[in-house]
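Let me begin by presenting the structure, written as structure tokens, before commenting on it.
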Amino acid sequence: MSTVRKAVIPAAGLGTRFLPASKSIPKEMLPIVDRPTIEYVVEEAVRAGIRDILVVNGRGKGPIEDHFDREPELEAALEQKGKHDLLKQVQALADLADLHFVRQHEPLGLGHAVSVARQHVGNESFAVLLGDDVMVDDAALLRSMIEIHDREQASVLALLEVEPDEVSAYGSAEVDPMDGDTFRLRSVVEKPKPEDAPSNLAVIGRYVLRPGIFDALDRIEPGAGGELQLTDAIGVLLKEETVIGRRFTHGRYDAGMKVDFLRANLELALDRPDLAADVEAMIVEVVRRRGLA
């Protein structure tokens, strides 16, 4: 049985890329088709065998908590109107996982958001799933990362090959090959210039971390913008423990970026039997009308 029983979802960011919509709606609640982005992330953790989930939220993020709570008035209205399928979907949200919420009072970076989870996590390994990174792979990546953690007793980071001019948006990993898509990390650099990046392997949105990360977070200094970077703490951890990278190639949507958010809506709608035909016809019509084909 896996020792990774808890997950942390940082969801306290300001969501400035989606202003003005994110002024009143948490970016994690923006819908992909008909489900909030964060619901996909919670479901991924559950499919990987994790039901104890801590959401690190911030000011104005109350709708996230409301979404996973019961709403008797809505349920009664659906029952009265005979909309039993919708009623089951709404009720299932409250039973999806054991969800807990803690406030990050200031947006001081991903490292700080993870440090806020210390009391809940305790002296256990845990997964971190970024709230605007959506993986549509039936939790295959996260499950494989947990398996590597259990086998190697090491922290594990998800790695994605990106174009050289994109690496400055991520942490970049210097690695030694192990087996297939697994690598032993030598170092990791937060948002390097392309010419300074140790590789084009970017650290992407999924982590399985041993509890030593909390002590490492205590020992780093704020970086640019006064934020505590998780990447910097992983660099400290690397000096004392093995850290492994797990490369993946598909299934990820960066729902914090407008174009990828729109792509997620289109592609996931095309995967829905109840929507696929209409959405495909709409895309064809738009392409023809604009003279793109």
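The values are calculated or read from the model by the stated rules, or taken from the named source; none is laboratory data. These numbers come from a predicted model, not from an experiment. Quick reminder, even Gly has a Cβ in these numbers, built from the backbone with ideal geometry, and neighbours come from all protein chains shown. Areas reflect the complete protein model, heavy atoms only, side chains present, ligands, DNA and RNA absent. Shrake-Rupley method; radii C 1.70, N 1.55, O 1.52, S 1.80 Å.
So, in segment 170-188, how many residues would count as being open to solvent by 60 Å² or more (accessible area, probe 1.4 Å), in contact (Cβ under 8 Å) with a residue 12 or more places away in the chain and farther than 17 Å from Glu241 by Cα?
1
Out of curiosity, is Val90 touching a residue at least 24 places away in the same chain (Cβ under 8 Å), surrounded by fewer than 20 Cβ atoms within 10 Å (Cβ to Cβ) and of a type in the set (A, V, I, L, M, F, W, C)? Talk me through it step by step, then tell me what you get.
Details: touching a residue at least 24 places away in the same chain (Cβ under 8 Å): no; surrounded by fewer than 20 Cβ atoms within 10 Å (Cβ to Cβ): yes; of a type in the set (A, V, I, L, M, F, W, C): yes.
It is false that Val90 is touching a residue at least 24 places away in the same chain (Cβ under 8 Å), surrounded by fewer than 20 Cβ atoms within 10 Å (Cβ to Cβ) and of a type in the set (A, V, I, L, M, F, W, C).
Have a look at Pro198, Pro211, Pro192 and point out the one that is out of contact with any helix residue (DSSP H, G or I) (no Cβ under 9 Å at 6 or more places or on another chain) and open to solvent by less than 60 Å² (accessible area, probe 1.4 Å). Before you say what the answer is, go through the steps one by one.
Working: Pro211 fails: out of contact with any helix residue (DSSP H, G or I) (no Cβ under 9 Å at 6 or more places or on another chain); Pro192 fails: out of contact with any helix residue (DSSP H, G or I) (no Cβ under 9 Å at 6 or more places or on another chain).
Within the list Pro198, Pro211, Pro192, the selection yields Pro198.
Kindly establish whether Leu228 is assigned to a loop (DSSP other than H, G, I, E, B) and within 21 Å of the chain's Cα centre (by Cα). Even if it seems obvious, please write down each step before you answer.
On the way: assigned to a loop (DSSP other than H, G, I, E, B): yes; within 21 Å of the chain's Cα centre (by Cα): yes.
Yes, satisfied.
Looking only at segment 47-79, count every residue that is surrounded by 14 or more Cβ atoms within 10 Å (Cβ to Cβ), outside any strand (DSSP E or B) and charged (D, E, K, R) and tell me the total.
Keep residues of segment 47-79 that are surrounded by 14 or more Cβ atoms within 10 Å (Cβ to Cβ), which gives 47-58, 60-61, 63-64, 67-68, 71, 75, 78.
This time we only want the ones that are outside any strand (DSSP E or B), so: 47-51, 58, 60-61, 63-64, 67-68, 71, 75, 78.
When the remaining residues are screened for being charged (D, E, K, R), the result is 47, 51, 61, 71, 75.
Residues in segment 47-79 being surrounded by 14 or more Cβ atoms within 10 Å (Cβ to Cβ), outside any strand (DSSP E or B) and charged (D, E, K, R): 5 in total.
So which of Asp254, Asp232, Asp218 is under 19 Å from Val8 (Cα atoms), in contact (Cβ under 8 Å) with a residue 60 or more places away in the chain and exposed (fewer than 14 other Cβ atoms within 10 Å of the Cβ)?
Within the list Asp254, Asp232, Asp218, the selection yields Asp218.
For Arg70, all conditions in the list (1) closer than 21 Å to Pro31 by Cβ; (2) under 18 Å from the mean Cα position of the chain (by Cα); (3) among the charged types (D, E, K, R) hold save one; what is the number of the exception?
(2)
Can you name every residue in segment 1-26 that is among the basic types (Lys, Arg) and at pLDDT below 90?
Residues of segment 1-26 among the basic types (Lys, Arg): 5-6, 17, 23.
Selection gives Arg17, Lys23.
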